[in-house]
């Protein structure tokens with residue numbers, strides 16, 4: 001059957017307004033925000049409005065043997081949402097209804113296109129909280145968050161997306177609709193299919209509904225910054241905070257490169273002469289002041305040159321805003337680091353056991369020197385999850401090559417330290433080889449067996465993860 | 001090949017002392033503690049001492065086409081550890097080493113035969129805590145806890161076993177050794193195979209090593225009991241506690257039948273004239289007294305006749321001990337309820353959204369009346385996870401039939417209320433039909449496809465779950 005027949009089929013089930021083929025629009029849906037990843041031009045972008053329409057898209061594509069690439073807001077950083085040539089992009093943006101909020105059972109049921117921030121605002125009206133807060137929270141969707149098992153800053157205390165997904169509705173490669181999980185606080189009925197689909201990056205099915213657990217809104221938090229003369233000392237402070245049994249609700253690290261980039265991007269009054277800055281918060285209510293003092297004492301004992309507690313919520317919010325600027329500031333810094341604005345960032349993502357954080361930070365500095373590329377480090381220190389950001393000249397193949405080598409060396413170091421090749425950004429296209437190294441040949445075979453069992457024709461988001 | 005050849009193969013790899021064929025011992029390994037489940041007589045009980053020996057057992061059994069039934073302490077309540085005729089029982093009790101405790105990364109690595117209480121004691125020496133506390137915690141193994149995704153009393157605040165399992169080593173049906181997961185706080189590398197194996201009841205592989213997350217030891221808890229004139233009022237109190245955003249570290253319900261059974265078994269001074277008793281604890285440190293007062297106020301507003309706070313840790317421990325006696329006390333009560341000690345219990349396990357708890361409790365009372373069987377209810381009210389315990393006369397087929405009917409009616413009601421057929425005991429043999437109803441035909445097909453992908457010959461714990 002010809003491609004036009006597939007378009008006809010898609011228009012027949014969705015209507016023409018939900019089957020888009022405008023070349024500019026297709027180009028705009030080729031890729032997410034990842035670097036170093038290939039992307040193709042899709043045949044069409046579809047915007048189904050219901051589970052039935054998603055199933056119809058998957059069945060139609062299946063009949064024609066055409067791949068389906070699910071997309072949310074395309075804010076991912078691993079290429080998991082990148083299109084392949086001739087594929088049908090299945091965008092969930094039109095499925096953006098919050099179907100239910102139940103304050104007693106503390107759950108919400110949402111369509112996949114609901115934006116993370118919109119869910120947060122809706123449940124806040126019930127005094128509730130949906131914790132996962134990826135950097136993209138203002139634009140990324142719950143469906144995409146679930147498909148990639150997104151992390152964020154509050155995960156150090158409150159956990160990642162998968163800990164909040166109780167159940168899913170998923171359209172399988174066959175077009176059948178599977179319901180997984182439950183609405184209850186506990187449940188052990190059968191294999192944990194919910195967790196199998198969360199983080200599977202659209203390779204096993206298309207998520208069409210998500211049931212999430214909510215928490216009571218946390219107490220107001222108290223915040224401090226600690227300034228260090230070396231990143232390794234900051235890493236040591238993080239290890240000691242964990243070893244003392246303190247549970248900060250936020251524990252972020254910014255290195256000198258990021259501090260300078262942020263100050264250049266938007267002056268925030270950060271100590272940009274410091275080698276590293278830890279940003280810590282506690283939200284333990286009446287115990288918060290004592291807990292913050294303990295965190296401060298641990299930082300000082302680990303060699304902090306200065307520890308400064310925010311005097312009020314306004315100042316604390318400013319510190320958090322500075323941290324949230326790290327990514328755009330570093331993008332600007334990278335662009336301006338080379339002539340013609342050709343500088344760019346390779347954004348990496350690695351997690352190690354908390355006790356190995358100082359060794360990771362030391363190692364990244366060594367790799368930057370060896371590969372002769374600037375690398376800034378920022379991230380979720382309390383989880384051992386760091387983002388080394390490698391600055392390259394996109395116009396210079398030798399610079400790109402050095403950047404790629406640094407990227408690989410960081411991955412190798414992370415695994416050597418007992419870590420994982422991705423703490424929260426996912427595998428997508430970017431980390432496939434490193435996933436294979438991390439999980440080994442038996443792990444790869446098990447992944448392939450599960451993929452083949454659920455998507456025998458290999459049409460769901462092909463080439464991702466595996 | 002003959003069965004003796006398989007025994008020869010097993011003895012060749014394990015030595016004769018780890019391949020047991022004594023008929024009494026075989027009989028002792030036929031079943032776990034579940035009712036209503038069939039069990040067969042195994043060919044042999046093997047006690048491998050290492051991952052390599054487990055793999056050798058699985059490979060030898062595979063060559064002979066003989067099923068392998070993994071067993072821990074056989075304290076399960078769904079028949080998931082029950083042998084089938086001629087099978088090789090693979091007992092993990094000889095693999096009982098705690099391999100590592102890392103206080104900075106807050107993880108422990110253990111062999112599957114480590115007893116839950118032994119792990120708890122070992123990590124307590126580092127000021128750490130392994131929360132999951134199934135009723136069997138003094139005898140059940142971490143491998144069994146992981147294979148069944150065991151729950152317990154602290155789950156209401158701290159979550160079930162799966163939330164603490166970071167990684168696994170698993171021997172697959174092929175005899176290959178798979179490593180899943182990670183040692184890091186975060187990680188999204190590939191499909192969540194760890195969660196797929198946790199709770200899969202030995203049907204997808206044999207767990208040979210478990211990496212668990214630990215928490216800092218919690219603050220001392222404060223405890224209260226609230227006495228209610230109806231179970232539904234107690235259920236209403238639970239819903240209000242959740243709706244107010246309170247996070248008790250324990251929230252258990254005992255009904256009149258259980259209170260009377262406990263007082264008869266060992267007088268604890270409980271109000272055995274009450275219709276229901278809630279036992280609640282908070283462990284929020286300096287906020288604990290205020291939080292406990294809030295729980296008390298909510299109970300009173302929901303109609304509690306009396307609320308009594310434990311005056312000290314000794315009294316609190318006595319209340320917890322009384323709760324822990326519920327199971328043996330109810331066994332005794334059931335035995336004595338019929339002539340000749342022929343009375344027995346059908347222990348059920350159902351979970352509903354917290355908001356539906358009162359409706360569940362009302363419904364169970366109605367079912368008891370309709371089916372003309374005594375049913376006592378006890379359980380983890382804060383999770384909506386209850387254990388209706390059905391009292392039957394084992395010598396009377398009509399009584400057994402009425403009990404079985406009540407069991408089915410409770411399952412049906414649980415699903416109608418948006419719940420699950422098992423909150424923590426698992427599917428095993430006991431709940432297979434109800435699992436199929438709960439997950440539907442598409443869910444069953446996905447389960448079967450995954451089982452076939454990982455165990456094509458169907459030799460790992462056959463007949464369980466599916």
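The values are calculated or read from the model by the stated rules, or taken from the named source; none is laboratory data. Predicted, not measured: the structure shown is a model, and the values here were computed from it. Using ideal geometry, Cβ is built from the backbone for each residue, glycine included, and neighbour counts are taken over all protein chains shown.
Candidates are the residues of region A:165-187 that are more than 10 Å from chain B (Cβ to nearest Cβ) and under 13 Å from residue A:460 (Cβ atoms); the one that is nearest to the chain's Cα centre (by Cα) is A:171. Of the residues B:78, B:56, the single one that is in contact with a helix residue (DSSP H, G or I) (Cβ under 6 Å, 6 or more places away or on another chain) and either outside any loop (DSSP other than H, G, I, E, B) or buried (at least 20 other Cβ atoms within 10 Å of the Cβ) (or both) is B:56. Taken over region A:438-466, the criterion of being within 10 Å of chain B (Cβ to nearest Cβ), crowded, with 17+ Cβ neighbours inside 10 Å and in contact (Cβ under 8 Å) with a residue 24 or more places away in the chain is satisfied by A:450, A:451, A:454, A:465, A:466. The condition of being more than 26 Å from residue B:220 (Cβ to Cβ) and either outside the structural domain of residue B:368 (by TED's automatic domain parsing) or surrounded by fewer than 17 Cβ atoms within 10 Å (Cβ to Cβ) (or both) holds for only one of B:239, B:264, that being B:264. Number of residues in region B:21-32 that are surrounded by fewer than 16 Cβ atoms within 10 Å (Cβ to Cβ) and in a loop (DSSP other than H, G, I, E, B) equals 2. Do we find that residue B:87 is out of contact with any strand residue (DSSP E or B) (no Cβ under 8 Å at 6 or more places or on another chain) and either outside the structural domain of residue B:139 (by TED's automatic domain parsing) or at pLDDT 95 or above (or both) in this structure? So residue B:87 does not fit the description; no. Report whether or not residue B:7 is surrounded by fewer than 17 Cβ atoms within 10 Å (Cβ to Cβ), free of Cβ contacts under 8 Å to residues at least 40 places away in the same chain and part of a helix (DSSP H, G or I). In short, no. If you go through region B:409-433 and pick out every residue that is farther than 17 Å from residue B:357 by Cβ and either in a loop (DSSP other than H, G, I, E, B) or within 8 Å of chain A (Cβ to nearest Cβ) (or both), you end up with 7.
Within region B:34-45, restricting attention to residues that are closer than 16 Å to residue B:70 by Cβ and modelled with pLDDT of 95 or more, the residue that is surrounded by the most Cβ atoms within 10 Å (Cβ to Cβ) is B:42. Which of the residues belonging to region A:343-360 are within 19 Å of the chain's Cα centre (by Cα) and closer than 30 Å to residue A:395 by Cβ? A:345, A:346, A:347, A:348, A:349, A:350 - these are the residues of region A:343-360 that are within 19 Å of the chain's Cα centre (by Cα) and closer than 30 Å to residue A:395 by Cβ. Considering only region B:88-113, state which residues are closer than 12 Å to residue B:212 by Cα, more than 14 Å from chain A (Cβ to nearest Cβ) and without any contact (Cβ under 8 Å) to a residue 60 or more places away in the chain. Passing the criteria: only B:98.
Here residue B:282 clears all of (1) within 28 Å of the chain's Cα centre (by Cα); (2) without any contact (Cβ under 8 Å) to a residue 60 or more places away in the chain except the condition numbered (2). Residues in region B:222-232 that are at pLDDT below 95 and surrounded by 22 or more Cβ atoms within 10 Å (Cβ to Cβ): B:231 alone.
Please work out if residue A:157 is out of contact with any strand residue (DSSP E or B) (no Cβ under 7 Å at 6 or more places or on another chain) and within 11 Å of chain B (Cβ to nearest Cβ). When the stated conditions are applied, residue A:157 passes them. When residue A:210 is tested against the conditions (1) in a strand (DSSP E or B); (2) within 9 Å of another protein chain (Cβ to nearest Cβ), the lone failure is (2).
Here's the yes/no breakdown for (1) crowded, with 24+ Cβ neighbours inside 10 Å; (2) more than 24 Å from residue B:217 (Cβ to Cβ):
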site	(1), (2)
B:149	yes, no
B:160	yes, no
B:163	no, no
B:174	no, yes
B:179	no, yes
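Screening the candidates A:443, A:363, A:403, A:384 for the property of being touching a strand residue (DSSP E or B) at 6+ places or on another chain (Cβ under 7 Å) and either within 23 Å of residue A:252 (Cβ to Cβ) or at pLDDT below 95 (or both) yields one hit, A:384.
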